[in-house]
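Below you'll find the structure, written out as structure tokens, and then a few comments.
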Amino acid sequence: MVLKLLGTLIEPTDRYSTKSHRISAIVLTTLIKIVVSSFTPAAFVTFAYLAYNYQKYYQLTAQIWTSQQWLLVTATIWSLFEIGFYLHCLYVKRLFSRTSSTLELTWAKRVFYLQRVLDHNPTVFKSLAKWFHKRDELNSEDDIYLEHFEDWLSWAFFNKLKFNLTRNEVHELHAIMEICLKQDPSAAALRNEDTESRKPLEFMRLNLDPIVFQHKPLIAYMVISLMQLYGLIFLYFIGFVHYNCQPRSTLSYWIYNGNKSKSSRKPSTKPPVFLVYGIGIGVTMYLKVINAIRNKDPDRTIVVLDLPHISLKLVHQIPSLPQTLEAIDNIFKKHELGACSWLGHSYGSIITAWVIKSRPAYIHKVNLVDPVCFALWEPDLIRNFLYNPNPIGPIHRLAQYFVAKDLLVASTLFRHFWWLQNILFPDDLACESHVYFSQYDWIIDSYAIKSYLDKFCSQNSWNRLKTLMMDNVAHGGFISSEEKIQLVLEHV
């Protein structure tokens, strides 16, 4: 209900029919941010005021509940909880800031990934230039030299600043640069012999940059938890069962064994559906999709992977790739699942990509909606979602505050997002695959990525992959549109 109301007032596609509607949406989103972000400062002020006037207000007498003092007691308890929650969030941020997953690569692996990127993107230097503070074109006026690209390659392939590389790693870095120059010899003109005049340029260094998050008060998480609780109750009543993946893991899943719900039913001949959702408030956002799958074939098995670290929940563990794959292995083993029809949305496309590359036996067909796993040498995803200091539209501002800069979401992306690990190339899709893009996607360049995939399929006669542009929807818009849901489910 709340999401539907916001969707009416704030246009997800950021295309408003009237100027007054857009202004109203901007005012509404600004007001929401101000009100929500004011709770924590108000808690500090309230606690300080009441503590200063302790002797005046907190005389422990029998009249405390009859003389309106209960308001002060309630205010004190609320401020203590809010302040305690704020301090706890700072602790969690510090915990994730100093701990990060690692991606150890051998020289052979680095060359393997580099060559695959070069095969799919011949103009690599033009793409890499965009990582330097929103620079869209590589030209002489940008003052970007090969030495700057070495800084980027040092981060991308070694996860280190260039001056922290070992002697052997420096040799490997130079070798990587030479491989890139062989691909694009014209870039050699960008070498600057006058190193003193070369200015250092900052760029987007995920995993090395500080975690950027905006604190949300305890009451915001309580409201979100109530919305999530509604989703869990809904799944329970339509026949889903919840399981934990492992005793000490935060990962869990919901499963609907439609073919076992009634003895009179025949097992479905279709493969199970394995849904991996994207960043948001979890399964609650995907209830329409889940229910549509169930209604289309009531006997079909459905598995929904629950990912609390991207569901605006405050957990203390962000599962790595091996931990996630181990959890999925346990799901398949426990329920004796065969190859599934995978449906991955947004961030869920990355986890689906892990399975495609590491567990091909689990894949029957693949359906990716708003995928963020293709062409990760382009900075659009990172820039639009994490590094954009001035989001333009009202929906962008709201999404950045409540989602992108959520503590766990930001920690997941800033400390556990490895582009070489997450990238999916079209020739990795060895089965029937359908990829759906949103016309007004503000996170990825949907038209550019669709063009890249279509061009690859055309040049290589790759008929396993089909792409489709969904009109009049933004990133994630399909989950609220019955028409788009049915469109996606045609091939699930």
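The values are calculated or read from the model by the stated rules, or taken from the named source; none is laboratory data. Fair warning: this is a prediction, and the values are worked out from it, not measured in the lab. We place every Cβ from the backbone using ideal geometry, glycine too, and count neighbours over all the protein chains shown. Ligands, DNA and RNA are excluded from the accessible area calculation, which covers all protein heavy atoms including side chains. Shrake-Rupley method; radii C 1.70, N 1.55, O 1.52, S 1.80 Å.
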So what J values fall out for region 219-226 if you push phi through Karplus, 6.51 cos²θ - 1.76 cosθ + 1.60 with θ = phi - 60°, rounded to Hz, Gly and Pro as x?
5, 5, 5, 5, 5, 4, 4, 5
In region 248-380, with Lys and Arg counted as +1 and Asp and Glu as -1 at Cβ, which of these residues, Leu305, Val355, Ile290, has the Cα nearest the positive end of the dipole, that is, farthest along it?
Ile290
Fraction of accessible area attributable to carbon and sulfur, the chain (%, probe 1.4 Å):
57
Report Tyr49's accessible area, 1.4 Å probe, all protein chains in place, as a number in Å² to the nearest 10.
120
Could you do me a favour and compute the accessible area per residue for the chain, 1.4 Å probe, result in Å²?
48
Convert each backbone phi in region 85-97 into a coupling constant with the Karplus relation 6.51 cos²θ - 1.76 cosθ + 1.60 (shift: θ = phi - 60°), then list the ³J(HN,Hα) values in order as whole Hz, x for Gly and Pro.
5, 4, 5, 5, 5, 5, 5, 5, 4, 5, 4, 6, 5
Need one number: nm distance between label points at Gln439 and Arg98, each 7 Å from Cα along Cα→Cβ, rounded to one decimal.
5.1
Exposed-loop cut sites defined as GluC sites (Glu not before Pro) in DSSP loop states with at most 15 other Cβ within 10 angstrom; longest site-free run of the chain spans 337-489
If you wrap a convex hull around the Cα atoms of region 328-467, how much volume per residue is inside, in Å³?
119
Over the chain, what is the relative contact order in percent, taking alpha-carbon pairs closer than 8 angstrom and at least six residues apart?
16
Simple spin-label estimate for Ala448 and Trp107 in nanometres, 7 Å along Cα-Cβ:
3.4
Leu208/Leu287 FRET efficiency (R0 30 Å; Cβ-Cβ; nearest 0.05)
0.20
Just to be sure I understand: of the beta bridges DSSP finds with both ends in region 210-334, what percent are antiparallel, rounded to 5?
70
Within the chain, helix-based [θ] at 222 nm, where runs of 4 or more DSSP H residues each add -39,500 (n - 2.57), nearest 500:
-14000 deg cm²/dmol
Glu172: net charge of surrounding residues, Cβ under 13 Å, Lys/Arg +1, Asp/Glu -1, itself excluded?
+2
How far, in nm, would the chain grow between Thr123 and Arg15 when pulled straight, counting 0.36 nm per residue and subtracting the alpha carbon separation?
35.6 nm
Against the empirical 2.2 N^0.38 Å scaling, what ratio does the C-alpha Rg of the chain come to?
1.08
Separation between the Lys270 and Val223 pseudo-spin-labels, each 7 Å from Cα along Cα→Cβ, expressed in nm?
3.7
Name the residue farthest towards the positive end of the dipole of the chain from the options Thr412, Tyr221, Leu376, assuming +1 on Cβ of Lys and Arg, -1 on Cβ of Asp and Glu, about the Cα centre.
Tyr221
